[in-house]
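The values are calculated or read from the model by the stated rules, or taken from the named source; none is laboratory data. Nothing here was measured: the structure is a model prediction, and the numbers come from that model. Every residue, glycine as well, gets a Cβ built from its backbone with ideal geometry; the counts of neighbours run over all protein chains shown. Only protein heavy atoms, including side chains, enter the accessible area calculation; ligands, DNA and RNA are left aside. Shrake-Rupley method; radii C 1.70, N 1.55, O 1.52, S 1.80 Å.
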Amino acid sequence: MKVGDAVSVLSDIEGKCKRGAKDFLGSKIFIGNGTAKMSRSEIFCANGLVKGIGIWMTEPVYLSPSFDNLLPSFLFLQNLPSSTVSHVLGPTSGERILDMCAAPGGKTTHIAALMHDQGEVIALDKTPNKIQKIMESAEALQLKSIKAFCFDSTKAIASSKSEVKPEGPPFLAESFDRILLDAPCSGMGQRPNMVYSWSLKEVKSYQPLQRKLLNVAVKLLKPGGTLVYSTCTITLAENEEQVAWVLESFPSLRLQQQVPHLGGEGMMGAGLSHEQLKLLQRFDPSEVALKNSCKPIHECSTEDMISLANKDTIGFFIAKFVKTDSASS
């Protein structure tokens, strides 16, 4: 392969193709066609890390353009469900809001923007470099209301006033008007994802962690406050079963209607009523009827395009709760 050659790009979905191999008969998926911007030797024979554009995609399977680093002071790229979450949380100016698992910071900055940067948004994450990334994004978007701390959110509740620091965690109970728990999860809704190699044990490990975080979130939320729980996975155990557990474990919490509601209803199987399932929001890309909508994209109406865009997303789940008087907790 030389610079300028027309090439086809395929994904090795099982990770079995050897570096620089000329023939491969394993499982693969066609990604699109393009033009080589580097030679074969530049890509595969370099001693160090190869950077830059290897193939310029001229005929990609998906038509979405790249928005990478486009107007970084004005835009932050997010998928539809992730941007929906912040609107569902409904932040308003002057409130104190906690983003418990904030990295990489897209929802944190979106919340601050929806508040017109008036109030306080506390972002927590356990990894130092991720906290740095959140603050870099806040600085690029010129948002002053965000404060980010490297901290384990399962320990974010203070047992006494003596533990409380002037700004950072841990915090006293009932300290926040709204809390977003975009929980660590198995990530089975992420796209594009050609292969999923985690074991069943790894997938099942997330439910206990999510419950620890939910327990802390409920304690930190003020009476009358809003808690939004979300994941980027599709499993019943991490989504509807968690909602059922919350409602049983914390009588002070009530499910709330979500605005906007762009996804589908919750999935049956966790013991929730039909009315409760209607209050949940599940984005399921498998609902996109590709076989019935295979006409050329330029022939689609605006309504068809909007409908497809609202469904052809990552897999995602959102639940919204409101906390009643602490006396009933």
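Descriptive notes on the structure:
- Just one residue in the set Lys212, Lys219 is part of a helix (DSSP H, G or I), more than 22 Å from the chain's Cα centre (by Cα) and under 22 Å from Val243 (Cβ atoms); that residue is Lys219.
- Taking every residue in the stretch 311-329 that is over 15 Å from Gly189 (Cβ atoms) and acidic (Asp, Glu) and pairing it with any residue that is open to solvent by 50 Å² or more (accessible area, probe 1.4 Å) and modelled with pLDDT of 90 or more, at least 6 positions away or on another chain, the pairs with Cβ-Cβ distances below 6 Å are Asp325/Pro223.
- Among the residues listed as Val164, Val203, the single one being free of Cβ contacts under 8 Å to residues at least 12 places away in the same chain and open to solvent by 20 Å² or more (accessible area, probe 1.4 Å): Val164
- The one condition from (1) open to solvent by 40 Å² or more (accessible area, probe 1.4 Å); (2) in contact (Cβ under 8 Å) with a residue 60 or more places away in the chain; (3) not small (Gly, Ala, Ser) that Pro91 does not meet is (1).
- The number of residues in the stretch 95-120 that are touching a Pro at 6+ places or on another chain (Cβ under 8 Å) and of a type in the set (Val, Ile, Thr) comes to 2.
- For the stretch 220-229, the set of residues classified as crowded, with 17+ Cβ neighbours inside 10 Å and out of contact with any Leu (no Cβ under 6 Å at 6 or more places or on another chain) consists of Leu220, Lys222, Gly225, Thr226, listed by residue number.
- Contacts under 9 angstrom Cβ, first residue in the stretch 230-244 being open to solvent by less than 10 Å² (accessible area, probe 1.4 Å), partner among the aliphatic types (A, V, I, L, M) and part of a helix (DSSP H, G or I), 6 or more apart: Ser230/Val85; Ser230/Val88; Thr233/Val203; Glu238/Val203; Glu240/Leu277; Gln242/Leu214
- Within the stretch 103-146, tally of residues that are open to solvent by less than 10 Å² (accessible area, probe 1.4 Å), within 17 Å of Ala217 (Cβ to Cβ) and free of Cβ contacts under 8 Å to residues at least 60 places away in the same chain: 5
- Any hit, the stretch 31-41, residues being in contact with an Asp or Glu (Cβ under 6 Å, 6 or more places away or on another chain), part of a strand (DSSP E or B) and without any contact (Cβ under 8 Å) to a residue 24 or more places away in the chain: no
- Identity of the residue in the stretch 136-170, closer than 22 Å to Phe74 by Cβ and among the polar types (S, T, N, Q), that ends up modelled with the highest pLDDT: Ser145
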